[in-house]
Amino acid sequence: MASKVIGYFPSAASKQQGRSRLSKLLDVTRAKDDSQRLEKLELAVAAFDHHETNKHDDDIRKGAVHIVSSILRSLTPFFVAKADQVKSCCVLLLQLYRCSVERARASFCTDGCALITNLLEVVEIHYRLGKLGDTECLLLSKEVIEKLLDIAKVPLSMVKNEGDFISSLVSNVMGASGKYVMQLSLKIIASLSDHIENKQVLLTPELLKAVEVGSRHLDPLVREEAARIVMNLAWEAKNKSKLLHSSMETLLRLLVEDGGSTAMQSHVLQALGHLAVVTDNKVQLVNHKNGMFISTLVHIASSAGQYQANDISINSVKIIGYLICRATASKIGSIPGLFATMSSLACRSDGLASVAAKAIHKLAAFIHYHPKLKNEKELDHASLHTSLLQAMVTISYSKSTDVLRYAVKSYAEQVPFRRDRIQMIAHRGLLSALSVLTHNDDSNVKECAKEVLIALACDVAEARKTSVEKLLRCVAPKRKMEVEQRSYSPTSVTDAFSFEADFESL
C-alpha cells in the first residue's frame, strides 16, 4: 500500500490564497447594504495590496477585473452618494493592473470598454459638481483611465464592443462634456490610433468631426490630443489624401494659434510632414491659399532661438524641403523672404544650418534663369534666380562643412546651363565666394569649387577672348592665409523683412 505523504505543498497553498482573494471580491457582490459592501471592499483592498506580478496575472485571468467592473457598474447612478465605494473600486483596479503588460492588454480587450465608460461618467459627474464633488474620487478615476491608456495600443478588432466604444468616445467629444472627459476621450482615441492596424479603421467622418471640435476647444490639452490623433492617422499611406482635404484647415489653425503648447505644434508639424512626402499632395500644399502654408512655415522657422534651434524650427524647414520638386520650386522660391530666411538660418552653428542649406540646394536643382519668362501668375523668374544666387553666396561663408558642401552642390546644379553660368559670372560676389571655397580644408568642397570655377572661367574666357589660366589667376586669392574667415552678410539677408507683418497680412 502506498504511503501517504503529509507536508506543505506551495502550489496548493498558492491556489488556496488565490481563491481567498477572489472570494473576498465575490463577498462584495453578496453584501446586503452599503455599509457592508464598503467593509467588504476594504477587506478586498487589503488582500490585493501586493506587488507580485504573477499573482495579479492569475487574479485577472480568473476574472477579478470583470468582478470589480460589475461592482462599479452596480453603483450607477449613485456615484456621488457612494463615492467611498467608487474610490475603493479604483484602488482595487490600480492594484490589479500591477500585472504584466500582456495580461493588462488582454484585460483591456475584454473589460476596457465597460470600465472606461463608467469611469468617464464618474469624472464628469464630480467635475460638474465643482466644490460639491469628491476631488479624490475624480483623481483616482483619472488615474485608472491613464493606466488603461498605457496598455490601450491594441487592435480594435480585439476589443469587445469596439463599435460602441468608439461611438461613445466620439459622443463625449461632440456633446457638452467637461474638459476632463473631452481630453481623456481624445487621449484614448489617440492611444488606439498608435497601433498600425487602427489607423485606417479610425479614419471616419464622425471621428474627423470630433477632432475638429476638439481642435477648437479652449483648453490647450484638449487641442493637443486632437493634433496627436491627426498625426497618428497621417502615418497611414491610404489616409494622407483624405486628411489633406478634410483636416488641412484644422492643422493650420493649430499651428499658428497663440497659446499652443510645443507638443501640439510638434504633433501638427509631424502630421504635415507625413502629408508633404506624398508626391500628389505637394502642389496642393504649396498652393494652399496662395502660399499661406509655406509662409507660415517660414515664419515658424525664423522664430528659432538665437543660440539653439528647437525641433519646431527644424521640422518646419524639413517640410519646406520635402515640398520642393520641379512643379513647386518656383512657387516656393517666390514666397517673400524665403531665400533670405533660409540663407540666414544656414549660417547658424546648430542643426538647423544643414537643413536650411539642403533646402537651398534642392531649390538650386529646379530653379534656372529665364530672362523674359513669366507664368500665368506673373512669377518673375529672373528675379527669382537672382535671389537664389544671393542665397548661395551667403551660405558659401558658413563655418559648417556640411553647409559648404551643400553650397558647392548648389553651384554644381547651375553650371550645366549656359544662361545660369552667365548670371553666376555677373552676380556680385559669387566668383569671390567660389575662390574662398577653393581653399577650404575639406577636399570635397575644394575640388567641387574648383570644377565650378573652371566651368565659369570657360564662358568668361570666351567672352573676353582671354585664357582660362589667366582668368583663374585673376580670380583666385594670393594665398590661403589671406582668406578672411568671416560671416558674410549680403544685403539680401539684411533687407528689412518683417515676418510678423507678412504673416498677419495673409
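Key figures for this structure:
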{"item": "Every residue from the range 321-337 that is of a type in the set (A, V, I, L, M, F, W, C), more than 24 Å from the chain's Cα centre (by Cα) and within 12 Å of Ser387 (Cβ to Cβ)", "result": "Ile335"}
{"item": "Unique residue being within 18 Å of the chain's Cα centre (by Cα), of a type in the set (Ser, Thr, Tyr) and closer than 25 Å to Val159 by Cβ when the list is Ser191, Ser185", "result": "Ser191"}
{"item": "Within the range 238-248, considering residues that are touching a residue at least 24 places away in the same chain (Cβ under 8 Å) and open to solvent by 30 Å² or more (accessible area, probe 1.4 Å), the one nearest to Leu186 (Cα to Cα)", "result": "Ser246"}
{"item": "Residues (surrounded by fewer than 19 Cβ atoms within 10 Å (Cβ to Cβ) and in contact with a Gly (Cβ under 9 Å, 6 or more places away or on another chain)) located in the range 124-154", "result": "Tyr127, Arg128"}
{"item": "Test: Glu121 is out of contact with any Asp or Glu (no Cβ under 9 Å at 6 or more places or on another chain), open to solvent by 50 Å² or more (accessible area, probe 1.4 Å) and within 25 Å of Glu162 (Cβ to Cβ)", "result": "yes"}
{"item": "Residue count for the range 174-188, restricted to those that are closer than 18 Å to Ser141 by Cβ and not in a loop (DSSP other than H, G, I, E, B)", "result": "10"}
{"item": "Which numbered condition Ala340 misses (of (1) closer than 15 Å to Leu388 by Cα; (2) crowded, with 23+ Cβ neighbours inside 10 Å)", "result": "(2)"}
{"item": "All positions within the range 279-300 that are open to solvent by less than 40 Å² (accessible area, probe 1.4 Å) and either free of Cβ contacts under 8 Å to residues at least 24 places away in the same chain or under 16 Å from Ser241 (Cα atoms) (or both)", "result": "Asn281, Lys282, Leu285, Val286, His288, Leu297"}
{"item": "Unmet requirement for Ser410, which otherwise passes all of (1) modelled with pLDDT of 90 or more; (2) open to solvent by 50 Å² or more (accessible area, probe 1.4 Å)", "result": "(2)"}
{"item": "Cross-chain or 6+ apart pairs with Cβ under 9 Å, the range 383-402 first and under 21 Å from Phe366 (Cβ atoms) and touching a residue at least 24 places away in the same chain (Cβ under 8 Å), then among the β-branched types (Val, Ile, Thr) and open to solvent by 10 Å² or more (accessible area, probe 1.4 Å)", "result": "Gln390/Thr491; Gln390/Val493; Ala391/Val493; Thr394/Val493; Ser396/Val436"}
{"item": "Matching option when the condition is free of Cβ contacts under 8 Å to residues at least 24 places away in the same chain and either under 22 Å from Pro155 (Cα atoms) or outside any helix (DSSP H, G or I) (or both), among Ala81, Ala114, Ala104", "result": "Ala81"}
{"item": "Unique match (being modelled with pLDDT of 90 or more, surrounded by 13 or more Cβ atoms within 10 Å (Cβ to Cβ), at negative phi and in contact with a Gly (Cβ under 9 Å, 6 or more places away or on another chain)) among Lys40, Lys62", "result": "Lys62"}
{"item": "Condition check for Lys147: under 19 Å from Val101 (Cα atoms), part of a helix (DSSP H, G or I) and touching a residue at least 12 places away in the same chain (Cβ under 8 Å)", "result": "yes"}
{"item": "Count of residues meeting criterion [more than 30 Å from Gly130 (Cβ to Cβ), open to solvent by less than 40 Å² (accessible area, probe 1.4 Å) and of a type in the set (A, V, I, L, M)] in the range 43-59", "result": "2"}
{"item": "In the range 192-226, residue least open to solvent (accessible area, probe 1.4 Å) [restricted to those that are under 22 Å from Cys113 (Cβ atoms) and part of a loop (DSSP other than H, G, I, E, B)]", "result": "Leu203"}
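The values are calculated or read from the model by the stated rules, or taken from the named source; none is laboratory data. Quick caveat: nothing in here was measured; it's all calculated off a predicted structure. Glycine gets a Cβ as well: all are built from the backbone with ideal geometry, and neighbour counts include every protein chain shown. These area figures cover heavy atoms from the full protein model, side chains too; ligands, DNA and RNA do not enter into them. Shrake-Rupley method; radii C 1.70, N 1.55, O 1.52, S 1.80 Å.
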